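Only the coordinates and a few stated rules stand behind these numbers; no lab work does. As the structure is a prediction and not an experimental result, all values here were calculated from the model. Here the Cβ positions follow ideal geometry from the backbone for every residue, glycine too, while neighbour counts run over all protein chains shown.
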Amino acid sequence: MTVKDFKNPVIDFDRNNTYIQSEGINQDFGVYDSPDELLKEHHQEMSRVKAFLYRNWGRHMMNRNVRKIRGK
């Protein structure tokens with residue numbers, strides 16, 4: 001199921017696929033060891049402020065969360 005109209009979503013649960021953004025997924029980037037490895041290959045443009053925050057805070061938090069999820 002895909003929500004095509006966010007103002008009027010279908011709310012009937014019929015025990016099937018509940019992805020609300022399945023049509024928005026248009027590319028599989030595969031599996032990476034860490035967010036840093038993914039973003040080395042698939043980086044995105046961002047402002048200097050966002051780049052600074054990502055470099056000094058965001059990436060550390062993401063990598064920590066991935067390690068925690070993977071039990072490393």
Looking at the stretch 27-55, which of the residues that are small (Gly, Ala, Ser) and under 24 Å from residue 69 (Cβ atoms) is surrounded by the fewest Cβ atoms within 10 Å (Cβ to Cβ)?
30
Evaluate the stretch 59-68: report whether one residue or more is in a loop (DSSP other than H, G, I, E, B) and out of contact with any Leu (no Cβ under 8 Å at 6 or more places or on another chain).
no
